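One structure is given here, and the rest of the page talks about it.
The values are calculated or read from the model by the stated rules, or taken from the named source; none is laboratory data. None of these values were measured; they are calculated from a predicted model. In this analysis, Cβ positions are derived from the backbone assuming ideal geometry, glycine residues included, and neighbour counts consider all displayed protein chains.
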Amino acid sequence: MRPYVLVVSEVSLDGKLTLSKGASSKLLLSSMEEEAFKYLHEVRAKVDAIMVGCETVRIDNPSLTVRFVSGKSPARVIPCSTGDIPLDSNIFSPDAPTFVAVSKRAPKERIEALKEVCSGVLILGEERVDLELLLSELYNMGFKSLMVEGGAILNYELFRLGLVDELRLIHIPLVVGGQDVPSLVGGQCLELPVKFRLRSHFKRGSQLISEWEVVK
Ligand SMILES: NC(=O)c1ccc[n+]([C@@H]2O[C@H](COP(=O)([O-])OP(=O)(O)OC[C@H]3O[C@@H](n4cnc5c(N)ncnc54)[C@H](OP(=O)(O)O)[C@@H]3O)[C@@H](O)[C@H]2O)c1
């Protein structure tokens, strides 16, 4: 068993997650209206846990909390094979529990240091974090819904493994361009494209939001 997995992304009209390679998505998000932020935070407040890849933690330093609406911040989960996350990252704030998932490659001292600043370190997988095992572990810990907020590499792995149930996009009215700029799903070409059914589309402020269910 695994949690219901919902990928939520803020994307430009050409599907980019940032304005340039290695840049914080906060620059892209400066074109997002407050009503759209409220939508994002409403979704955060409804899920049990939220996950981002560790490159997003290193580049964006997000806190992943609920701030624009009232509600409880979900537990935070960060897959990071070697545990290479700055120990003063905002995800370790006291607002919600944070779990870091590492693989057997993670140095022992690193695991001990992480244990000092987070609620738990899960060791799952040989080289990289085993995402299927991680999701099953999260379900057993009581997390029945999981929101994933990118980035491109984590999204790719979850789609590749067939672990996504739903996709929600907050469309940013910009075209960014650039082959090396991360888009919604990175990695290699998927063996089979993932199919979706449009569930709803609406505006928050003047921004389009679309909600899609994966066709299984
Ligand atoms: N617009 C948006 O909605 C949005 C949201 C999030 C991020 N972003 C942007 O996206 C960019 C970062 O995305 P990214 O694609 O470079 O990185 P990412 O998806 O955030 O993180 C990828 C990292 O996660 C770790 N990981 C551990 N186990 C994994 C597994 N089984 N599968 C996949 N990853 C695993 C890997 O690092 P290790 O090898 O160290 O384990 C991997 O390099 C930033 O520029 C950020 O601003 C935008």
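Each row is one residue, and each column tells you yes or no for (1) within 13 Å of the ligand (Cβ to nearest atom); (2) touching a Phe, Trp or Tyr at 6+ places or on another chain (Cβ under 7 Å); (3) of a type in the set (D, E).
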residue	(1), (2), (3)
D14	yes, no, yes
H41	no, yes, no
V57	yes, no, no
C80	yes, no, no
G83	yes, no, no
P94	no, no, no
A113	no, no, no
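So is E127 more than 12 Å from the ligand (Cβ to nearest atom) and loosely packed, with under 15 Cβ neighbours inside 10 Å or not? Can you show your working first?
Working: more than 12 Å from the ligand (Cβ to nearest atom): no; loosely packed, with under 15 Cβ neighbours inside 10 Å: yes.
Spelling it out, it is not the case that E127 is more than 12 Å from the ligand (Cβ to nearest atom) and loosely packed, with under 15 Cβ neighbours inside 10 Å.
For region 191-199, indicate whether the set of residues that are closer than 21 Å to L40 by Cα, surrounded by fewer than 12 Cβ atoms within 10 Å (Cβ to Cβ) and among the charged types (D, E, K, R) is non-empty. Walk me through how you get there before you give the answer.
Residues of region 191-199 closer than 21 Å to L40 by Cα: 196-199.
Filter again for surrounded by fewer than 12 Cβ atoms within 10 Å (Cβ to Cβ), leaving 197-198.
Of the ones still in play, those that are also among the charged types (D, E, K, R) are 197.
Yes, region 191-199 has at least one match.
If you scan region 133-164, which residues turn out to be among the charged types (D, E, K, R) and surrounded by fewer than 16 Cβ atoms within 10 Å (Cβ to Cβ)? Steps first, please.
So the first thing to find is which residues in region 133-164 are among the charged types (D, E, K, R), and the list is 137, 144, 149, 157, 160.
Matches in region 133-164: K144 only.
Residues of region 170-179 being in contact with a helix residue (DSSP H, G or I) (Cβ under 9 Å, 6 or more places away or on another chain) and not in a strand (DSSP E or B), which ones?
L174, V176
Tell me, please, whether a residue that is surrounded by fewer than 17 Cβ atoms within 10 Å (Cβ to Cβ), at negative phi and touching a strand residue (DSSP E or B) at 6+ places or on another chain (Cβ under 9 Å) can be found in region 42-54.
Yes, region 42-54 contains a residue that is surrounded by fewer than 17 Cβ atoms within 10 Å (Cβ to Cβ), at negative phi and touching a strand residue (DSSP E or B) at 6+ places or on another chain (Cβ under 9 Å).
Test each condition in (1) modelled with pLDDT of 95 or more; (2) hydrophobic (A, V, I, L, M, F, W, C); (3) not in a strand (DSSP E or B) for L167 and report the one that comes out false.
(3)
Name the residue, out of T82, T56, that is in contact with a helix residue (DSSP H, G or I) (Cβ under 8 Å, 6 or more places away or on another chain) and closer than 24 Å to P173 by Cβ. Explain how you work it out, then say what you get.
On the way: T82 fails: closer than 24 Å to P173 by Cβ.
Unique residue meeting the criteria: T56.
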